[in-house]
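Scroll down for the structure; my scribbles are underneath it.
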Amino acid sequence: MKQGYNIAVIRGDGIGSEIISEGMKVLEAASERESFELEWLEYPHGAEHYLKTGELISETTLKELERRDAIYFGSIGDPRVEPGVLEQGILLTMRFYFDQYVNLRPVKLLEGVSTPLVGKGPADIDFSVVRENTEDFYVGIGGRASGKNKKRDELEVLRNLYTIKFGVDIETDADELAYQIGVVTREGCERVMRFAFELAKKEGKKKVTSVDKANVLTHSYGFWREVFNEVASEYPDIDTEFNFVDAICMWFVKNPEWYQVVVAPNMFGDIITDLGAMIQGGLGLAPGGNINPDGVSMFEPIHGSAPKYKDKGISNPIATIWAGALLLADLGEDTAAETVLNAIESVLRTGKVKTYDLGGNSSTSEVGDAIVSEIRG
């Protein structure tokens, strides 16, 4: 009997539906080649569903998703909905609910793709960023106050690992202020750092770089450094270093070949991986995985929903297809995952089929068809 997997599909908003269709098509071809089966279960969550029903994502749906082997996600965001509502109410809710504490983003320049970095090629841009995905300033707690009144805020962070409560007393003569609280915990740091070191071991890498801003944000990121050194001591065969976040942005541009595995707190990881996407050829080529090694993981392109391109059939589906390869690897189907990535690179190397962002005029579906063709030989 063939191995089978139940994959939840959330197309989301904007171009999400069409790029997910291409990803599903490619993953189906890979599964046929490697003799396993994929069963797709679609969920409607996104702007249209929210505007019709007022629902972002319910506890019932989350419990259903918990029974799936993985989640394949398109994109989120719609101009009809205030920024942050969909992102926090759907995407971040799922990341936190499923404790997807690793955000894995490969930064790899594929053959046939140009980079804005003069003199650099595929051999120079090939590393992974492991971003902590559930803590830091993304815990979403904070508030506002004014000088007219004293104020006390009760703030709470609920995670599988812990519950944290803050009581914040505010007295100020400032006209108005806003504040945001970031949280990093020992458990949260340790597990994502250990994932980074294990990834380095698995891929035969010899160096892990830690990112922070410990010279200014001394409490949280000084703590991050302490924990990193403790975890690093368990891996004596792997070299380590620290980079401030501003410095690593500079070195990504100047000497990307220096990096092998990078581990970063949530906010800094979010920032540097957009830079990583551009040096690997653009957001249309940048996949991401939201991973819980012991639970349900979710895979998506790192770009947004690009609503102005919706239904035009010109968006680049490669980031989504590559995210699908990460999904297959997460399921343990490493050969199929490698097959998909090799097919992507073969199509890009040939250069006959490419979307407008890569200087071509091929449609979204033509790119998917070309990658399927490569897989089927």
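Using modelled backbone amide H atoms (1.01 Å from N, in-plane), which distant-in-sequence or interchain residues come within less than 5 Å of residue 137's amide H?
So residue 137 has HN proximity to 183, 267.
What's the long-distance tail for the range 40-167, i.e. % of Cα pairs beyond 21 Å?
Within the range 40-167, distances greater than 21 Å cover 60 percent of Cα pairs.
For the full complex of protein chains and a 1.4 angstrom probe, list 303, 219 by accessible area with the highest value first.
So the residues, ranked largest to smallest area, are 219, 303.
Would you compute, for the Cα atoms of the range 159-251, the largest minus smallest coordinate along each principal axis and list the three values in descending order, in whole Å?
Projected onto the principal axes, the Cα atoms of the range 159-251 cover 55, 35, 18 Å.
Whole number in Å², please: accessible area per residue of the chain, 1.4 Å probe, ligands, DNA and RNA not counted.
45
Using a 1.4 angstrom probe on heavy atoms only, work out the carbon and sulfur share of the accessible area of the range 218-377 in %. Before the final figure, lay out each step's value.
Numbers: 3270 of 6540 Å².
Reported share for carbon and sulfur atoms: 50 percent.
Counting only protein heavy atoms and a 1.4 Å probe, tell me what percentage of the range 36-174's accessible area is made up of carbon and sulfur. If you can, show how the numbers build up before the last one.
On the way: 3200 of 6850 Å².
With neighbouring chains kept in place, the figure for the range 36-174 is 47 percent.
Project the alpha carbons of the chain onto their principal axes and report the range along each, largest first, in whole Å.
Principal extents (largest minus smallest coordinate, Cα): 68, 53, 44 Å.
Of 108/254; 254/308; 52/308; 2/201, which sit over 25 Å apart, Cα to Cα?
On the way: 108/254 16 Å; 254/308 34 Å; 52/308 21 Å; 2/201 31 Å.
Violating the 25 Å limit, Cα to Cα: 254/308; 2/201.
Lys/Arg Cβ at +1, Asp/Glu Cβ at -1, dipole of the range 96-173 taken about the Cα centre: which of 118, 146, 102 is farthest positive-ward?
Selected residue: 146.
Can you give the helix-only mean residue ellipticity at 222 nm for the chain, where every DSSP H stretch with n ≥ 4 adds -39500 (n - 2.57) and the sum goes over all residues, rounded to the nearest 500 deg cm²/dmol?
Details: 11 runs with 138 residues, N = 377.
After summing the helix terms and dividing by residue count, I get -11500 deg cm²/dmol.
The values are calculated or read from the model by the stated rules, or taken from the named source; none is laboratory data. This one's a predicted model, so the numbers in the text were calculated from it and none came from an experiment. Backbone-built Cβ (ideal geometry, glycine too); neighbour counts: all protein chains shown. With ligands, DNA and RNA removed, areas are computed over all heavy atoms of the protein, side chains included. Shrake-Rupley method; radii C 1.70, N 1.55, O 1.52, S 1.80 Å.
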